[in-house]
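Structure, as structure tokens:
The values are calculated or read from the model by the stated rules, or taken from the named source; none is laboratory data. The structure presented is a predicted model; accordingly, all values stated were derived computationally and were not measured. Glycine gets a Cβ as well: all are built from the backbone with ideal geometry, and neighbour counts include every protein chain shown.
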Amino acid sequence: MVRITAAEYKALLARRSGATASRPAAAVKPKKARVQAHPGLPSVPEPPDVEQLLVGLAGVGRTWTLLMPYRVELLTSNQRLHHMAVHRLRSALREDAAKVATAMRLPRLERAAVFYVLHPRPVNRKRDPGNWAPTAKAYVDGLVTDGKLLPDDSHEHLLGPNPVMGSPVTTGYARMTMVIAELT
């Protein structure tokens, strides 16, 4: 075992960092925290054109368009969240969907097609509405389990949820609209 003194250890660290007597080690600049500007108050997006969504479906009965409650944070496929944070957010989304279903007095259906329409923030970049599938799944779970819309969310009773890109919101964070179509 080799023992070195404190001065020798400091010199070794200085050599490893590239510092010499003529050139001291560069000071590390702290990174500036990116402060994101608040996007403003929530806005109500334009309702989606339901007729375009239902073009390829056969046996469509009644339809309902549900604008889901405003939330600052929605689940996306690209997030890196702790599993408990995901659980809390998923539970809140399910509860929101159940409350909307109860308030709208949605009837119990045997089969339905569900579309989720993403209304993104007004940021000029490409969007993939499929990335919001975890939010849509939580909403569908809330509609089916807690809102009692369908007997089950299996393929026998539910077609979807299918992603659709909607018009962007003017202010606030992204919003989501659920379009439910009864299948006869």
**Request:** Within the range 1-29, work out how many residues are basic (Lys, Arg), at pLDDT 65 or above and not in a helix (DSSP H, G or I).
**Result:** 2
**Asked** From the list ALA98, ALA58, which one is part of a loop (DSSP other than H, G, I, E, B) and either free of Cβ contacts under 8 Å to residues at least 24 places away in the same chain or not acidic (Asp, Glu) (or both)?
**Response** ALA58
**Prompt:** What are the residues in the range 164-184 that are surrounded by fewer than 19 Cβ atoms within 10 Å (Cβ to Cβ) and in a strand (DSSP E or B), if any?
**Reply:** VAL164, MET165, GLU182, LEU183
**Message:** Tally up the residues in the range 130-155 that are surrounded by 20 or more Cβ atoms within 10 Å (Cβ to Cβ) and assigned to a helix (DSSP H, G or I), please.
**Reply:** 9
**Asked** Scanning for something without any contact (Cβ under 8 Å) to a residue 12 or more places away in the chain, closer than 18 Å to TRP64 by Cα, surrounded by fewer than 22 Cβ atoms within 10 Å (Cβ to Cβ) and of a type in the set (Lys, Arg), does the range 104-118 turn up at least one residue?
**Response** yes
**Asked** In the range 69-88, how many are surrounded by 13 or more Cβ atoms within 10 Å (Cβ to Cβ), part of a loop (DSSP other than H, G, I, E, B) and out of contact with any helix residue (DSSP H, G or I) (no Cβ under 6 Å at 6 or more places or on another chain)?
**Response** 5
